[in-house]
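Values quoted throughout were computed directly from the atomic coordinates according to the rules given, and no laboratory measurement underlies them. Note that the structure is a prediction, hence the values are computed from the model and not measured. Neighbour counts are summed over all protein chains in view; Cβ atoms, including those assigned to glycine, are modelled from backbone coordinates with ideal geometry.
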Amino acid sequence: MSEQIETPQGAPTGFWQATTIDLAHCLRFYSRLPVPPLPWEQNAHALPDFSRLVRVLPLAGLILGGIPALVFALSYFLALGPWLSATLAVAAATLTTGAFHEDGLADTADSFGGSTRERRLEIMRDSRIGSFGASALFLGLLLRIGALAGLTSVAGWQTGMLALLITASLSRTIGLMPLVFLPPARIDGAAYAVGQPTREGFWFAAALAGLITIILGMIGNLPPSGVALMLILSGLTGWGFIRLSMKHLGGQTGDIAGATQQIAEIAALIGLLTAAQP
């Protein structure tokens, strides 16, 4: 029998209701989508607890990837071409999340202007963007658009659409790796406030993200080597950021998680593009 959770009205909430609550919290945290309160939620706008939410993050990522994927497909059918379709898809993804991950990439890049750990953390909390951050943001967007457009040119729009779905789920899961395997670099940041995901929860999420990648790859008849490269390169990105963050900050922050997600997405797209070449 599934665990029962009591709602304010006293009505029991079972496993599936609890799962949808976690999924709704994930979507609210990772996006600007107006996710309405569910009838069985106690507090729809409470700070998410990542020690629990990590298990449904691959599914939340898949949902969020559906928006740019639909924009991409519609743009392509309107004969806008691979580059403009890819640009509109990446724009839709950025708007959906409110540049949530892009902000982390920019702040992480700016932190390389600091000579000490304390100065780097101070830079990362500054809302202003510097030259390092602006360059990283521009190059990150360009690489995502270029890889998606190139993939569409050599493998078709269906492959591009599936790539958007896969990377949305896979990269967000990889983005958790620094949060899981490193201590917080400070005790007053967002990454500390939402709680540290458990390693067991992460491995469950990683397995789910891998399964989603493999199933969508089979549905879209993606090259097995491309699917393997997506998994391997994104995983190496997470491992690389763990080492970088420990050396750079002595721990992790939410900005590091955002940067990891962005680079993991780029790595996965380039991996699939490499394998899709005729």
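Ranking S31, L78, S111 by how far each Cα lies toward the positive end of the dipole of the chain (charges on Cβ) leaves S111 at the top.
Contact order, relative form, for the chain: 23 percent (alpha carbon pairs under 8 Å, 6 or more residues apart, mean separation divided by residue count).
Over every Cα atom in the chain, the radius of gyration and the widest Cα-Cα span, Dmax, amount to 18.8, 60 Å. Taking label positions 7 Å along the Cα-Cβ direction at both S153 and T20, the computed distance is 4.5 nm, reported to one decimal. Per residue, the chain reaches -23500 deg cm²/dmol at 222 nm when only DSSP H runs of four or more residues are counted, each adding -39500 (n - 2.57).
Indicate the gyration tensor shape class of segment 18-75 (rounded, prolate or oblate), computed on the Cα atoms with a ≥ b ≥ c the square roots of the eigenvalues: a/c under 1.5 is rounded; otherwise a/b larger than b/c is prolate and the rest oblate. All intermediate terms of the calculation are to be shown ahead of the outcome.
Details: a/c = 2.60, a/b = 1.84, b/c = 1.42.
Because a/c hits 1.5 or more and a/b exceeds b/c, segment 18-75 counts as prolate.
With a Förster radius of 30 Å, plug the Cβ-Cβ distance of E122 and L80 into 1/(1 + (r/R0)^6) and report the FRET value to the nearest 0.05. Step by step, r from the Cβ atoms, then E = 0.10.
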